[in-house]
Each structure stands twice: as C-alpha cells, then as structure tokens.
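Here, each number is a calculation from the coordinates, and none is a lab measurement. Keep in mind it's a predicted model, so treat the numbers as computed, not measured. Positions of Cβ are backbone-derived with ideal geometry, glycine not excepted, and every protein chain shown enters the neighbour counts.
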Amino acid sequence: PRWYDGQRAAESRQGTLTEYFNSLMGLPVKISRCPHLLNFFKVRPDDLKLPNDS
C-alpha cells in the first residue's frame, strides 16, 4: 500500500530526527523550552491516527 512507502521513508529519517531533537533539548532552557518549540513538538489528535490502506 501507498502508506507503507511513507512509513519506510519516515523510518529511514528516524535517526536524523532523533539526533536533531536531542540537540535541541540540550540547548539552554530558554531555547529548548520556548513556546515555539513546545508548540512544534506538541502531539495533535491526527498524530495518533493509524494510516489507511489508501
């Protein structure tokens, strides 16, 4: 299915994204906990939905 290709691409970027996220969280608190970053990484309802086969 088409969603599988997207999932595979996301999994291939997982390491890079994890490294980037950890670097951001290692910055001073005034940066790592600023409202812009907190909003960017906030889990939204659509993030929890499983992909369809379409």
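Things worth noting here:
- With the charge dipole of region 2-48 set up from +1 on Lys and Arg Cβ and -1 on Asp and Glu Cβ about the Cα centre, the Cα lying farthest toward the positive end among the listed residues Gly15, His36, Leu48 is that of His36.
- Helical contribution to [θ] at 222 nm, DSSP H n ≥ 4, -39,500 (n - 2.57), averaged over the chain, rounded to 500: -19000 deg cm²/dmol
- Between 0 and 90°, nearest 10: helix 2-25 axis offset from the chain longest Cα axis: 10
- Viscosity 1.567 mPa s, temperature 4 °C, Stokes-Einstein D of region 2-48 from Kirkwood C-alpha radius, µm²/s: 104
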